[in-house]
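Engineer: Take this structure, written in structure tokens, and hold onto it; I'll ask about it next.
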Amino acid sequence: QAQVSEFGGGLVQPGGSLRLSCTTTGLVFSAAAMGWFRQVPGKEREGVAYINNRGETTIYADSVKGRFTISRDNARNTLYLQMNNLKPEDTAMYYCATGVASNVSPWNKEVRYFAWGQGTQVTVSS
């Protein structure tokens with residue numbers, strides 16, 4: 001079965017930067033669409049960034065546009081999320097998800113994605 005793992009979370013001051021990484025097993029990474037989501041206690045998991053299998057299409061939530069960059073290195077089977085100018089409201093558990101090619105919205109968690117990581121905690125605080 002497909003398995004997903006995220007790395008790189010931690011504590012950072014407001015305005016700082018952090019880079020998350022995601023690796024997968026049990027699937028052809030270069031054929032999979034990938035997404036980053038985040039969740040805080042008491043709220044639903046929300047989409048952060050999306051990238052298609054080839055890496056030529058990216059989509060971001062309005063709250064992170066201009067600050068976050070999603071990318072992938074298919075030769076290394078690794079997905080990245082570069083987070084700059086972090087804000088306290090970015091504090092959340094961040095999840096990596098792998099999905100299928102589809103015309104369905106990349107924010108549709110139930111339809112697009114079939115495997116999720118366990119999450120990596122990002123805390124933005126002074």
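The values are calculated or read from the model by the stated rules, or taken from the named source; none is laboratory data. Quick caveat: nothing in here was measured; it's all calculated off a predicted structure. Cβ coordinates were reconstructed from backbone atoms using ideal geometry, including for glycine residues, and neighbour counts include every protein chain displayed. With ligands, DNA and RNA removed, areas are computed over all heavy atoms of the protein, side chains included. Shrake-Rupley method; radii C 1.70, N 1.55, O 1.52, S 1.80 Å.
Engineer: For the list (1) over 19 Å from G117 (Cα atoms); (2) surrounded by 21 or more Cβ atoms within 10 Å (Cβ to Cβ); (3) among the small types (G, A, S), I need the number of the one condition that A75 fails.
Structural biologist: Failing condition for A75: (2).
Engineer: Please name all residue pairs, on different chains or six or more residues apart, with Cβ atoms under 6 Å, provided the first residue is in segment 53-71 and is free of Cβ contacts under 8 Å to residues at least 40 places away in the same chain and closer than 13 Å to R19 by Cβ and the second residue is in a strand (DSSP E or B) and not basic (K, R).
Structural biologist: Within 6 Å, the pairs are F68/A49; F68/M83; T69/Q82; I70/A49; I70/I51; I70/T58; I70/L81; S71/Y80.
Engineer: Still on this model: Does M93 qualify as being open to solvent by 50 Å² or more (accessible area, probe 1.4 Å) and among the hydrophobic types (A, V, I, L, M, F, W, C)?
Structural biologist: On the way: open to solvent by 50 Å² or more (accessible area, probe 1.4 Å): yes; among the hydrophobic types (A, V, I, L, M, F, W, C): yes.
Criteria met by M93.
Engineer: Which pairs turn up if I take residues in segment 1-28 that are more than 12 Å from Y80 (Cβ to Cβ) and touching a residue at least 60 places away in the same chain (Cβ under 8 Å) and look for partners that are open to solvent by 30 Å² or more (accessible area, probe 1.4 Å) and of a type in the set (K, R) with beta carbon separation below 7 Å, at least 6 apart in sequence or on another chain?
Structural biologist: What qualifies is P14/K87.
Engineer: Now, a different point. With respect to G66, is the statement that it is in a loop (DSSP other than H, G, I, E, B) and either touching a strand residue (DSSP E or B) at 6+ places or on another chain (Cβ under 8 Å) or of a type in the set (D, E) (or both) true?
Structural biologist: Taking the combined requirement at face value, the residue does not satisfy it.
Every residue, every condition in (1) under 12 Å from the mean Cα position of the chain (by Cα); (2) over 30 Å from S125 (Cα atoms); (3) among the aromatic types (F, W, Y), yes or no:
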| position | (1), (2), (3) |
| --- | --- |
| S5 | yes, no, no |
| L11 | no, no, no |
| A31 | no, yes, no |
| P41 | no, no, no |
| E56 | no, yes, no |
| T78 | yes, no, no |
| Y95 | yes, no, yes |
| S102 | no, yes, no |
| W107 | yes, no, yes |
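A quick yes/no check of all residues on (1) buried (at least 16 other Cβ atoms within 10 Å of the Cβ); (2) more than 18 Å from S5 (Cβ to Cβ); (3) among the acidic types (D, E); (4) modelled with pLDDT of 95 or more:
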residue	(1), (2), (3), (4)
V64	yes, yes, no, yes
Y80	yes, no, no, yes
T98	yes, no, no, yes
V104	no, yes, no, no
K109	yes, yes, no, no
R112	yes, yes, no, no
A115	yes, no, no, yes
Q118	no, no, no, yes
V122	yes, no, no, yes
